[in-house]
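What follows draws every value from the coordinates through simple rules; no lab data is involved. Here the structure is a predicted model, which means the values were calculated and not measured. Cβ coordinates were reconstructed from backbone atoms using ideal geometry, including for glycine residues, and neighbour counts include every protein chain displayed.
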Amino acid sequence: MSSSTSSTQPAGSDQPAARPSLTELFFAFVMVSLSGFGGALPWARRKIVDQKRWMTAEEFNEAFALAQFLPGPNVVNFSVVFGTRFGGAPGGIVTLVGLMGPPLVIVTILAWLYDSYGGADVIGRMLTGILAAAIGLMIATMIKMAKPLFARGLHWSPVIAVLAFVAIGLMHWSLPLVAIVLAPISVALAWVRP
């Protein structure tokens with residue numbers, strides 16, 4: 001398909017979205033970065049899966065799972081994986097620049113403002129409110145990302161997800177230990193029982 005065709009499809013359309021151009025990739029990730037206060041993952045999923053329909057929910061989860069196992073920030077890794085998938089090396093570069101460029105400018109300005117006015121009580125209250133909103137967005141995104149796992153009914157995927165949550169969230173085991181134990185089990189189960 002031509003990269004110049006429109007990449008947004010009607011919500012009920014069974015047609016896959018057109019392949020995005022480099023310009024569309026760049027501006028999509030600029031919008032993700034400008035929307036992503038407290039975390040860009042919820043906005044990346046909304047833009048890519050819900051609005052543009054460039055990926056299905058399962059494809060997004062798979063690409064994000066790969067990004068989590070790479071060193072570095074997850075959403076940054078995801079932007080490069082996603083951009084490379086649709087635009088090769090130039091796609092990876094434009095999505096990375098789109099994701100990182102605007103926040104770099106904003107954070108530089110905010111750092112200067114915080115250095116100058118950070119002692120004010122109103123700043124602390126604002127940051128507390130932003131934190132609460134960011135946590136809510138992350139929980140909502142986790143629920144959306146988990147739906148494809150649980151939609152399959154009795155399947156091994158939710159069991160692995162729950163085991164990882166219990167091991168890390170409740171038992172406080174280290175992420176590398178849990179990954180070393182659960183990743184091979186998960187891959188073996190996927191190989192045997194797709």
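What the table shows:
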| quantity | calculated |
| --- | --- |
| Residue 163-residue 190 pseudo-label distance in nm [points 7 Å out on the Cα-to-Cβ vector] | 1.4 |
| Relative pair counts by distance (%), Cα atoms of the chain, 5 Å bins | 1, 7, 12, 16, 18, 15, 13, 10, 5, 2, 1, 0 |
| FRET efficiency estimate (nearest 0.05) - Cβ-Cβ, residue 132 to residue 107, R0 30 angstrom | 0.90 |
| Cβ crowding within 10 Å averaged over residues, with 168-175, 20-27, 86-93 ranked highest first | 20-27, 86-93, 168-175 |
| Intensity falloff of segment 81-194 expressed as log10 I(q)/I(0), Debye formula with alpha-carbon point scatterers, at q = 0.11, 0.23 Å⁻¹ | -0.69, -1.16 |
| Separation of the residue 62 and residue 147 label points, Cα + 7 Å toward Cβ, nm | 1.9 |
| Reach of residue 147 by Cα under 18 Å, taken over aspartates and glutamates that are not fewer than 8 positions away in the same chain | 50, 58, 59, 62 |
| Peptide ranges 44-54, 70-80 listed from the most packed, as the mean C-beta count within 10 angstrom indicates | 44-54, 70-80 |
